[in-house]
Amino acid sequence: MKPANANNERDILKGQVAFQRNVIYAQVAISLALVFGWGYTVMNEKVAIVPPEVKRPYEIGSNFGNKEYLSDMANYVLQAILTVTPDSVDNNNKTILRMTDPAGYGRLRADLEAAAVRLKRERVTTVWIPQREEISESDHKVKVKGRMKTYIADTPTGERDKEFLVEFNITSSGRLYVLNVKEVVKAEPARPAAQQ
C-alpha cells in the first residue's frame, strides 16, 4: 500500500466516522426532545373528562382538579356510600373501592364493610341529601354538609344533619382516587360544672 493511498483511505474513514457520529448525536437529540415534549404534555395538559353524571365542564390535569369536578365527585362518592339499602350496599361499596387510592384502601374498606354489616343486620335504608359544600382545590378535599334520613322498611326513623369530608388523590397523570371519607364530628362545647 502506498502512503498516499493510506492517507486517502484514512481521510475517507474519518469522514464516515464523523458523519455517523453526527447522525447518532442527531438521533439522541431528537429522542430527548420527544421525551421532554411528551413529559411536558402529560404533566401540563388539562383534560376534559366525563364523571358518572355530567353537570358542567370539568378540568383535571397533573395533580389538579377544578372545584366543579371535586364537588361532583364528592357528591357521587357520598351518594354511593350513604344512599343505600341492604340490597344495594355491597354493589355501591365495590364501586367506591374501585375508585380508592391504595394508601386509603384498607381503612375505607373496613369502614364500608362494617357499615354494610350494620345496615343488613338492622334492615336500614339511608338517604343522603347534600346541602352545602366547602371545597379546597389545592388540598383536593371537599367538606359536604347535608341531611341523613333513615328508614326501616318504609317508615322514617330519623333525620339528622351530618357533615362529611371526602379527600381525593389526583395523580400526576390526572387520575382521581378516593383517599378517605369520614364523618366530621364536632366536639360538644364544654359546659361549666355547675350546669351538669
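Among the residues of region 110-142, the ones that are within 22 Å of Asn169 (Cβ to Cβ) and surrounded by fewer than 16 Cβ atoms within 10 Å (Cβ to Cβ) come to 7 in all. Across region 116-140, the qualifying residues are those that are assigned to a strand (DSSP E or B) and without any contact (Cβ under 8 Å) to a residue 40 or more places away in the chain, and the one among them that is farthest from Pro86 (Cα to Cα) is Ser136. Among the residues making up region 104-142, those that are within 17 Å of the chain's Cα centre (by Cα) and either modelled with pLDDT of 95 or more or β-branched (Val, Ile, Thr) (or both) are Ile135, Val142.
The values are calculated or read from the model by the stated rules, or taken from the named source; none is laboratory data. All values reported here derive from a predicted model rather than from experimental measurement. As a convention, Cβ positions derive from the backbone with ideal geometry for all residues, glycine included, and neighbour counts pool all protein chains shown.
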